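Here's the structure we're looking at; comments come further down.
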Amino acid sequence: MVNEFFYKQPVKIWFGAGKFRQLGEILGELECKKCVLVCGRHFAPEARAMMQDIPCIAAVFGEVEQNPQLSGAAETARLAREVGADAIVGVGGGSSIDTAKFAAAAAPGDADIVDYYTGKVPFPGSPLTIVAVPTTAGTGSEVTQVSVMSHGKEKRTINNPLFMPTAAIVDPTLTLTVPPRTTMNTGLDALAHALEGYWSRNHQPLADLFAIEAVRVILANLETAWRDGSNLEARTNMLYASMVAGLAFSNPRTAGSHACSYPLSEDYHLPHGEACAFTLDSFVRINADERLEYLCRRAGLSGTEELAQRIAYLKELGGLRRKLSDLGEVDLDKLCHDCAVHVLMNNNPVKMDEAALREMFEALK
Ligand code: NAD
């Protein structure tokens, strides 16, 4: 039986190899007159060159780093005010897209950006137009209203409808240069989104369809994309699947693996995807039930045990950290406490208290 649900997906999506070349036309279609382009260093030279061909790009902020700092969003918002921009284009992994989202929401206001971050002051409303252009196949940030920003050592996930991109240009040719390790990390992040959206306590039928599709496509393509980054077919399938996985979790939200990823990133410095993957196969076993068996069969697997084994295999293949001893000296009491109290743990279908988490982590010794 299908129960009540609320599903929202307002992002216009342009998908396909070479679509990014239409950026100027798409900005025109969105009625944008001037924009700031935000990216990381890997794309900054190309972004500056694009200013010649697309006069609508009035400024570039090309300094976004992994675990993006709020100061980058502040600088982007300042640039947007300076040039009178009506849009922000984020080109990159989740770090660049999340910076673009935060800057677009903050730019129309005059409060200190830290006050928006802490929630002391509400965003002004009416954000600038957000155009998200992913260059990694992982976060699905191009279709979510989430922005993950760090301020000093603190990393916050902020969920706000103002962050929902207006448009996404999803062009797999932009992912051809992603190095193998990042390919594996981000691919497993996408797999975690699909699985966690599916087993979330807030799961819902439309998102379930996206989750099943994303799991099927990721398991069929991630290893090939990792082995041969120049394989456009595998890259296309992975970028499609990471976007679909974004649609799978944006309404139900994520659960146990993501709750654990925050302490693992903050205290043990694992990149986001690797941090999610660290416990993903454990949670497959913990959360195994009839629904998950159904997903596995639809995704071409024999069942949940094969799913857990495939995740472990991909982690080993990619050289990701898998054991507690891989993390260095671990404060297990603190790790279990911080995972247990993370808000996303409430979304896990099986209740996980500190004792249950200790048992899970001890099995990874
Ligand atoms: P990232 O954006 O941090 O990029 C990782 C590295 O890859 C960077 O050094 C970047 O410069 C480089 N890179 C990106 N694209 C490249 C390319 N095409 N070629 C070569 N190098 C490239 O990594 P990510 O995994 O995409 O994003 C992680 C961030 O997104 C984290 O902060 C995470 O918390 C956040 N996140 C956000 C959402 C959301 O819905 N907003 C969801 C999941 C994760």
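Numbers for the structure displayed
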read-out: In the stretch 21-70, the GluC sites (Glu not before Pro) that fall in loop regions by DSSP, at most 13 other Cβ within 10 Å; value: Glu31, Glu65
read-out: Prolate/oblate/rounded label for the stretch 117-192 (Cα gyration tensor, a/c 1.5); value: oblate
read-out: Amide H partners (placed H, <5 Å) of Ile57, local residues excluded; value: Cys35
read-out: Net +/- balance of residues flanking Lys155 in space, Cβ distance below 14 Å, scoring K and R +1, D and E -1; value: -4
read-out: For the chain, built as a Gaussian network whose Cα springs stay under 10 Å, the top-fluctuating residue of Ala355, Ala299, Ala44; value: Ala355
read-out: Heavy-atom surface of the stretch 240-310, accessible at 1.4 Å and reported per residue (Å²); value: 32
read-out: Ranked order, Ile286, Ile54 - accessible area, probe 1.4 Å, largest first; value: Ile286, Ile54
read-out: Charge-dipole axis of the chain as Lys and Arg at +1 and Asp and Glu at -1 on Cβ define it, positive-most pick from Leu327, Phe15, Leu191; value: Phe15
read-out: The chain, dipole about Cα centre (Lys/Arg Cβ +1, Asp/Glu Cβ -1), debye to the nearest 20; value: 400
read-out: Most mobile of Ala80, Ala106, Ala308 in a GNM of the chain (Cα contacts under 10 Å); value: Ala308
read-out: Under 28 Å from the Cα of Lys334 - lysines, other chains or at least 8 residues apart; value: Lys153, Lys155, Lys315, Lys323, Lys351, Lys365
read-out: Nearby lysines by direct alpha-carbon distance to Lys8 (threshold 21 angstrom, same-chain neighbours under 8 apart not counted); value: Lys101
read-out: Asp110, Asp98, Asp331, ranked by accessible area, largest first (probe 1.4 Å); value: Asp110, Asp331, Asp98
read-out: Karplus 3J(HN,Hα) series, Hz, for the stretch 154-160 with 6.51 cos²θ - 1.76 cosθ + 1.60 (x for Gly, Pro); value: 7, 10, 10, 9, 10, 10, 8
read-out: Three-way shape label, the stretch 1-124, alpha-carbon gyration tensor, a/c 1.5; value: oblate
read-out: Most positive-pole-ward Cα, Leu295, Val83, Gly94, against dipole of the chain from beta carbon charges; value: Val83
read-out: The stretch 155-213 versus the stretch 297-315: alpha-carbon centroid distance in Å; value: 19
read-out: Estimated dipole of the stretch 127-229 in Debye, rounded to 20 [Cβ of Lys and Arg +1, of Asp and Glu -1, Cα centre]; value: 320
read-out: Shape category assigned to the stretch 154-286 from the gyration tensor of Cα positions, a/c cut at 1.5; value: rounded
read-out: Calculated FRET efficiency for the pair Glu306/Arg227, C-beta based, R₀ 30 Å, to 0.05; value: 0.90
read-out: Among Gln204, His151, Pro180 the positive-end extreme of the charge dipole of the stretch 133-207 (Cβ point charges); value: His151
read-out: Centroid-to-centroid separation of the stretch 108-137 and the stretch 40-72 [C-alpha atoms, Å]; value: 17
read-out: Fully extended contour minus Cα-Cα distance, from Lys12 to Glu290, at 0.36 nm per residue; value: 96.6 nm
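The values are calculated or read from the model by the stated rules, or taken from the named source; none is laboratory data. Predicted model, so just to flag it, every value in this text is computed and none were measured. Every residue, glycine among them, receives a Cβ derived from its backbone with ideal geometry; neighbour counts consider all protein chains shown. Protein only, heavy atoms only, side chains kept; ligands, DNA and RNA dropped before computing areas. Shrake-Rupley method; radii C 1.70, N 1.55, O 1.52, S 1.80 Å.
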